[in-house]
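Every number here is computed from the coordinates shown, using simple stated rules; none is lab data. Every value quoted in this text rests on a predicted model; they were computed, and no experiment measured them. Here the Cβ positions follow ideal geometry from the backbone for every residue, glycine too, while neighbour counts run over all protein chains shown.
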Amino acid sequence: MHDVIVIGGSYAGMAAALQLVRARRSIHIVDAGQRRNRFAAHSHGFLGQDGVDPAEIWATARRQLEAYPTLRWTEGRVVAASGDKDHFEVTLGNGDVLSGRRLLFATGVADQLPPVPGMAERWGRSVFHCPYCHGYELHQGRIAVIATGPNSIHQAQLLPEWGQVTFFTNGSITLDDDARQSLAERSVQIEETRIDRLDGEADIVLTDGRVLSFVGMFTAPACAPASKVPEAMGCELMETPMGIQIRTNDAKQTSLPGVYACGDVARAPHSVSLAVGDGAWAGAQLHRSLVWPDS
């Protein structure tokens, strides 16, 4: 019987686990090895780790965690979870069953990219979602924003801080006069011809045959929990402008007593820095729930 089973061993899950093992609690991390930023070569905006390969940040954090004797780490996928506070069971894909007093879902989210040919291959390389993570390295060049819905207008309004922006509506949004005026005030060009495909490093081929070249492209994909287990277990979900996430209270507890969630799956907006902070807070709150279980 572990004190806490952490489902998801990326930045948020590890940050939570660090608080708990330093309180000498028994922690078992189960990680499926699907970090959301695995496509990116560099992580930016994370204090002390700016420009570092995110895989290196992850590997360093895991090594530091595994120095604590109360941590166990299993590489695998959780397929089911059940039980109640102080008596949870987690089933892995290989049939193993783990027991824990608390559960923490740090499973992250899956990005649902718009159906533009060539986008998936460039995701994290020349197509991004966060300007704070990737905007500076574009050196104020030409930037494309590919719309996915109304939230993309805000993205297009923000990105002129990092370069010269062209906003591609791509049939996914109709701009009213107010939206057009707000974009014009930010010197954003509007392109309403549909996109045929992405090509080269950051080229957009339009259906009329034109090819427009950029130093980088941004889009706002809808997100959903990467694992179906929290929903199947009964955790309440909520809709945000960025997609679906697990609903939690200020202590990071879900709608189920004893079940917590943190990181991208339980907060918006998303970044490594915010995930680490959210995970650290969740770890502290989990520890408090073990010390004072009736509070």
Under the Karplus relation 6.51 cos²θ - 1.76 cosθ + 1.60, θ = phi - 60°, what is the ordered set of whole-Hz ³J(HN,Hα) values for segment 147-153, x standing for Gly and Pro? 5, 10, x, x, 5, 5, 4
What base-10 log of the normalised intensity I(q)/I(0) is obtained for segment 243-285 from the Debye formula, alpha carbons as equal point scatterers, at q = 0.17 Å⁻¹? -0.39
With the charge dipole of segment 114-219 built from beta-carbon charges (+1 for Lys and Arg, -1 for Asp and Glu) about the Cα centre, the Cα from Cys133, Pro115, Leu158 projecting farthest to the positive end belongs to Cys133
Highest average packing first - 125-132, 257-264, Cβ atoms within 10 Å: 257-264, 125-132
Computed Kirkwood radius, in angstrom, where 1/r is averaged over Cα pairs of segment 114-219: 13.5 Å
Neighbour-limited loop hits for trypsin sites (Lys or Arg not before Pro), segment 30-73 (at most 13 other Cβ within 10 Å; DSSP other than H, G, I, E, B): Arg38
For a protection proxy built on the mean count of beta-carbon atoms within 10 angstrom, sort 113-119, 142-148, 21-27 highest first, please. 142-148, 21-27, 113-119
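Would you kindly work out the equivalent ellipsoid of segment 137-295 from its C-alpha gyration tensor and give its semi-axes, the square roots of five times the eigenvalues, largest first in whole Å?
The equivalent ellipsoid of segment 137-295 has semi-axes of 40, 16, 15 Å.
When a footprinting reagent is the concern and you count Cβ atoms within 10 Å, what order do Asp199, Asp177 take, fewest first? Write out the running numbers ahead of the final one.
Working: Asp199 14, Asp177 7.
Final ranking by Cβ density, sparse to dense: Asp177, Asp199.
Helix-only mean residue ellipticity at 222 nm, the chain, DSSP H runs n ≥ 4 weighted -39,500 (n - 2.57), per residue, nearest 500. What is it? Spell out each step's value before the answer.
Values: 8 runs with 73 residues, N = 295.
That comes out to -7000 deg cm²/dmol.
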Principal-axis tilt of helix 11-21 within the chain, Cα atoms, nearest 10 degrees: 20 degrees
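For segment 1-106, what value does the Rg/Rh ratio take when both radii are computed over Cα atoms and Rh is the Kirkwood radius, given to two decimals? Before the final figure, lay out the partial values.
Working: Rg = 14.3 Å, Rh = 14.3 Å.
Reported Rg/Rh, Kirkwood definition of Rh: 1.00.
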Match the structure shown to one of the listed values (i) 62, 34, 34; (ii) 50, 47, 31; (iii) 51, 49, 34 of Cα extents along the principal axes in Å, computed from it, and give that label. (i)
